[in-house]
1. Leaving out ligands, DNA and RNA, what percent of the accessible area of the chain is carbon and sulfur, probe 1.4 Å?
2. Under a point spin-label approximation (7 Å from Cα along Cα-to-Cβ), what is the K94-N72 distance to one decimal in nm?
3. Between I5 and V148, what FRET efficiency comes out of the Förster formula 1/(1 + (r/R0)^6) with R0 = 35 Å and r the beta carbon distance, rounded to 0.05?
4. Eight or more residues apart or on different chains, and alpha-carbon atoms under 20 Å: count the Lys pairs in the range 41-98 matching that.
5. Considering the range 1-117, what Rg and Dmax in Å follow from its alpha-carbon atoms?
6. Could you report the range 1-116's accessible area per residue, 1.4 Å probe, as an integer in Å²?
7. Tell me, in nm to one decimal, what length is gained between K137 and D81 on full extension, where the rule is 0.36 nm per residue of separation less the Cα-Cα distance?
8. Using θ = phi - 60° and the Karplus relation 6.51 cos²θ - 1.76 cosθ + 1.60, list the HN-Hα couplings for the range 143-150 in order, rounded to whole Hz, with x at every Gly or Pro.
Amino acid sequence: MTTKIQANTENYQKLKRVLEDLAGAKLKVGFFDGKKEKDSELTLATIAKINEYGDGKNIPPRPFMRQTLNKNKDFKKDIEDAVRDTINFKASFKSAFRKVGVKAMQEMQLEITNGSFKENSEYTKKKKKSSKPLIDKGHLRRNVSWRVEK
């Protein structure tokens, strides 16, 4: 009796491409393009960083990025599911990670809108005619984005 094993080279090649896509891939959510806030020399990434950690002087920390991660413990599972779906050919690398990136982006936007942060100073309230921290004209919230880097 003889047994013949035949390799499915088509699936092997597909899996090899998937693993190459996944190798070193990092999903990032935040502010990337160097876009500047209107009427400011600061980029939105710099403004986000100042708001996240405070400036050590007048602006207190309003950690919307860290709070987003802390409130959404399922991001790790979402990434694991994306990897699993990609390896099992249920979704392409791009579509699997797009789903996670969009979800993370939307959660960060919600945290900017609804998060619990130290109140604005009286000066800031008068200047922007609002007591809502992190929101003036909505540029920061609108410009949260995501990307996959290698």
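1. Numbers: 5500 of 10640 Å².
Heavy-atom surface of the chain belonging to carbon and sulfur, 1.4 Å probe: 52 percent.
2. The two pseudo-label positions are separated by 2.2 nm.
3. Values: r = 36 Å, r/R0 = 1.04.
In this case the efficiency is close to 0.45.
4. Working: K49/K57; K49/K71; K76/K90; K76/K94; K77/K90; K77/K94.
The number of close lysine pairs in the range 41-98 is 6.
5. 20.7, 82
6. Numbers: 8180 Å² over 116 residues.
Per residue, the range 1-116 has an accessible area of 71 Å².
7. 16.6 nm
8. Using θ = phi - 60°, the values come out as 9, 5, 9, 9, 6, 10, 10, 10 Hz.
The values are calculated or read from the model by the stated rules, or taken from the named source; none is laboratory data. What you are looking at is a predicted structure, and each value in this text was computed from that prediction instead of being measured. Here the Cβ is made from the backbone with ideal geometry for all residues, glycine too, and neighbour counts use every protein chain on show. Accessible surface is based on the protein model in full, side chains and every heavy atom, while ligands, DNA and RNA are left aside. Shrake-Rupley method; radii C 1.70, N 1.55, O 1.52, S 1.80 Å.
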